[in-house]
Amino acid sequence: MDINKVETFFPRLNKIITILRKENKLLTPIKNGGWTPVQIINHLVDSQTQAYYRTMWILSEDKTTLKPFNQDKWVELSKDFPLDAALHIINGLYTRWFHLLKNINPKDYQKKAIHPEIGEVVLGPLIEYYINHGESHLETLIK
């Protein structure tokens, strides 16, 4: 697991957004019928907030139950939210998440939670999933 990707995520994202802004492509779907960069950024706010809170819950509660969310409905609800507000949130969120991750006791990566849709989840692989999720969307924005 490379938590340095969490530390460097926002500067890399911000560089891409600057380019997309200059090219006037923030409201252009990435692919036919796909999400726009603004929708992707707002989705990242929602999903990566879940990552941060899920990490906190697993670390602070015994075998906590995680609440699922419908990402497509959340994207629809947030599709017109201001981009700059979302960028501020992502910057702060990733900063906090990195500081949390760098201080986790290695044995705590084995802590477990219950996800109603997929069953038992382990913290380490869950964090890895969310790091990769952010990276995947970052790569999508580059294309």
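Can you classify segment 17-91 as rounded, prolate or oblate using the Cα gyration tensor, where a ≥ b ≥ c are the square roots of its eigenvalues, rounded means a/c under 1.5, and otherwise it's prolate if a/b beats b/c and oblate if not?
Cα axes put segment 17-91 in the prolate bin.
Of the lysine pairs in segment 66-128, how many meet both conditions: Cα atoms under 26 Å apart, and a spacing of 8 or more in sequence or different chains?
Count of close lysine pairs: 7.
Using a basic spin-label model with each label point 7 Å from the Cα along Cα→Cβ, how many nm lie between TYR129 and GLN110?
About 2.0 nm separates the two model spin labels.
Mind jotting down the distance between the C-alpha centroids of segment 114-143 and segment 1-25, whole Å?
18 Å
Using a probe radius of 1.4 Å on heavy atoms only, what accessible surface per residue do you get for the chain? Whole Å² is fine.
58 Å²
When the Karplus curve 6.51 cos²θ - 1.76 cosθ + 1.60 is applied with θ = phi - 60°, which whole-Hz ³J(HN,Hα) does each residue of segment 63-70 get, with x for Gly and Pro?
6, 5, 9, 8, 8, x, 9, 8
How large is the charge dipole for segment 53-137, taken about the Cα centre, if only the Cβ atoms of Lys, Arg (+1) and Asp, Glu (-1) carry charge, to the nearest 20 debye?
Approximately 300 debye in magnitude.
Need one word for segment 46-85: rounded, prolate or oblate. Basis is the Cα gyration tensor (sqrt eigenvalues a ≥ b ≥ c); a/c below 1.5 gives rounded, then a/b vs b/c decides.
Oblate, since a/c reaches 1.5 and b/c is not below a/b.
For the full complex of protein chains and a 1.4 angstrom probe, list SER47, SER60, SER136 by accessible area with the highest value first.
Ranking SER47, SER60, SER136 by accessible area, largest first, yields SER60, SER136, SER47.
If I take the Cα coordinates of segment 94-143 and project them onto the principal axes, what are the three extents in Å, biggest first?
The Cα atoms of segment 94-143 stretch 36, 29, 14 Å along their principal axes.
Using only DSSP helix segments of four residues or longer, with each worth -39500 (n - 2.57), what per-residue ellipticity at 222 nm results for the chain after dividing by its residue count and rounding to 500?
Dividing the helical sum by the residues of the chain leaves -21500 deg cm²/dmol.
Which percent of the accessible heavy-atom area of segment 60-143 goes to carbon and sulfur, probe 1.4 angstrom?
Looking at segment 60-143 in its full context, I get 54 percent from C and S.
Compute the distance in nm between two label points, each set 7 Å from the Cα along the Cα-to-Cβ direction, one at TYR53 and one at ASN70.
About 1.7 nm, to one decimal.
As a test of reading the structure, rank ILE114, ILE90 by solvent-accessible area (1.4 Å probe, protein chains only), most first.
Final ranking, largest accessible area leading: ILE114, ILE90.
Using θ = phi - 60° and the Karplus form 6.51 cos²θ - 1.76 cosθ + 1.60, what ³J(HN,Hα) does each residue of segment 136-143 get, whole Hz, x for Gly and Pro?
4, 5, 4, 4, 4, 5, 6, 5
Give, rounded to the nearest 20 debye, the magnitude of the charge dipole that segment 1-67 has about its Cα centre when Lys and Arg contribute +1 at Cβ and Asp and Glu contribute -1 at Cβ.
Using Cβ point charges on Lys, Arg, Asp and Glu, segment 1-67 gives about 340 debye.
The values are calculated or read from the model by the stated rules, or taken from the named source; none is laboratory data. Fair warning: this is a prediction, and the values are worked out from it, not measured in the lab. Heads up, the Cβs are rebuilt from the backbone with ideal geometry, glycines too, and the neighbour counts pull from every protein chain shown. Only protein heavy atoms, including side chains, enter the accessible area calculation; ligands, DNA and RNA are left aside. Shrake-Rupley method; radii C 1.70, N 1.55, O 1.52, S 1.80 Å.
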